[in-house]
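J.: First, the structure itself, so that you have it in front of you.
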Amino acid sequence: MRVAVLGSGGKDSTYASWWSQLQGWEVVCIVTVGVTGEDSMMFQLENTPVAGIQASSMGIPWLPVASKGIEEEEITDLERAICGESDSEKDFMAIWPKHFDLPSKMSLYSGKLEIDGLVSGALRSDYQKTRLELMCERIGIRSFSPIWHKKSSQHMRSLLNHGFGVVFTSVSAEGLDESWLGLNLDSDSLERLRHLSETHRFNLDGEGGEFETIVVSGPHMSGKILFDGESVWDGYRGFLKLNSCSLEGFS
């Protein structure tokens, strides 16, 4: 089975890429939609080029896809890229932050993806999952969502148990303050998160947009992603602005 993984750099898609390798499948590339507009109904907004560094750490080519994030057009942008109708070099230039180090091992994928399926980290968004499935049906491949409706506590604990280095990069829920930005997920922070999610009634896994993450290390990654950032906080919500990002030992 030859697959591509839709990767945002966050915990769910990174877990999905590891899961794909555990199946014995050939992961042809990591595909990342980088939103150049201000919003997206489908894709993560902040820090998605981290997925390119992850791909380098896995020794897998990266296919960046630039999209304005316009509803119903962004899935077409992804479809065109999978079908080889985009320019990966041009899209790379559109979404790659100049302050990120370019890993020496990075390889950009170009041309049509000869794959049997697309794997995503969709967890509970019917909007996202349905559109991915319809797209895959149109181009004649299968859609896989290995963590779909996985129990929140089980998923978060699994990330810890299997050695994923998860960092919180944005928060937008009552109970989550600026101190969470740049915080590592560990047993203590997971317990605090569980308590806050029950008190303030938000999703423990962040599926409702309560928080976003990047993954800096994992069981299928060679080398750790190093970063430096600063908090941007408006008093209610905020995000971690990455000022630098590199792959340890491979820049």
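The values are calculated or read from the model by the stated rules, or taken from the named source; none is laboratory data. Only a predicted model underlies this, so the values are computations on that prediction, with no experimental measurement involved. All Cβ positions, glycine included, derive from the backbone under ideal geometry; neighbour counts span all protein chains shown.
J.: So the check is Cβ under 8 Å with 6+ separation or different chains; which pairs have a first residue in region 173-184 that's on the phi > 0 side of the Ramachandran plot and touching a residue at least 40 places away in the same chain (Cβ under 8 Å) and a second one that's assigned to a loop (DSSP other than H, G, I, E, B) and loosely packed, with under 15 Cβ neighbours inside 10 Å?
T.: Qualifying pairs under 8 Å: none.
J.: Identify the residue in region 196-217 that is touching a helix residue (DSSP H, G or I) at 6+ places or on another chain (Cβ under 6 Å) and not aliphatic (A, V, I, L, M) and, among all such residues, is surrounded by the fewest Cβ atoms within 10 Å (Cβ to Cβ).
T.: Taking the candidates together, the pick is Asp205.
J.: Going by the conditions given, is Asp116 outside the structural domain of Glu191 (by TED's automatic domain parsing), over 30 Å from Ser197 (Cβ atoms) and in contact with a Lys or Arg (Cβ under 8 Å, 6 or more places away or on another chain)?
T.: Taking the combined requirement at face value, the residue satisfies it.
J.: Among the residues of region 83-101, write down those that are farther than 21 Å from Val28 by Cβ and out of contact with any strand residue (DSSP E or B) (no Cβ under 9 Å at 6 or more places or on another chain).
T.: Lys98
J.: For region 121-156, which positions are farther than 20 Å from Val27 by Cβ and exposed (fewer than 14 other Cβ atoms within 10 Å of the Cβ)?
T.: Asp126, Tyr127, Thr130, Leu134, Glu137, Arg138, His149, Lys151, Ser153, Gln154, listed by residue number.
J.: Could you check region 135-151 and list, in sequence order, the residues that are assigned to a helix (DSSP H, G or I), in contact with a helix residue (DSSP H, G or I) (Cβ under 8 Å, 6 or more places away or on another chain) and free of Cβ contacts under 8 Å to residues at least 60 places away in the same chain?
T.: Listed by number, the list holds a single entry, Arg138.
J.: Now a separate question. Has region 119-134 got at least one residue that is in contact (Cβ under 8 Å) with a residue 60 or more places away in the chain and either assigned by TED's automatic domain parsing to the domain that holds Gly235 or farther than 18 Å from Ser40 by Cβ (or both)?
T.: Yes: region 119-134 contains one or more residues that are in contact (Cβ under 8 Å) with a residue 60 or more places away in the chain and either assigned by TED's automatic domain parsing to the domain that holds Gly235 or farther than 18 Å from Ser40 by Cβ (or both).
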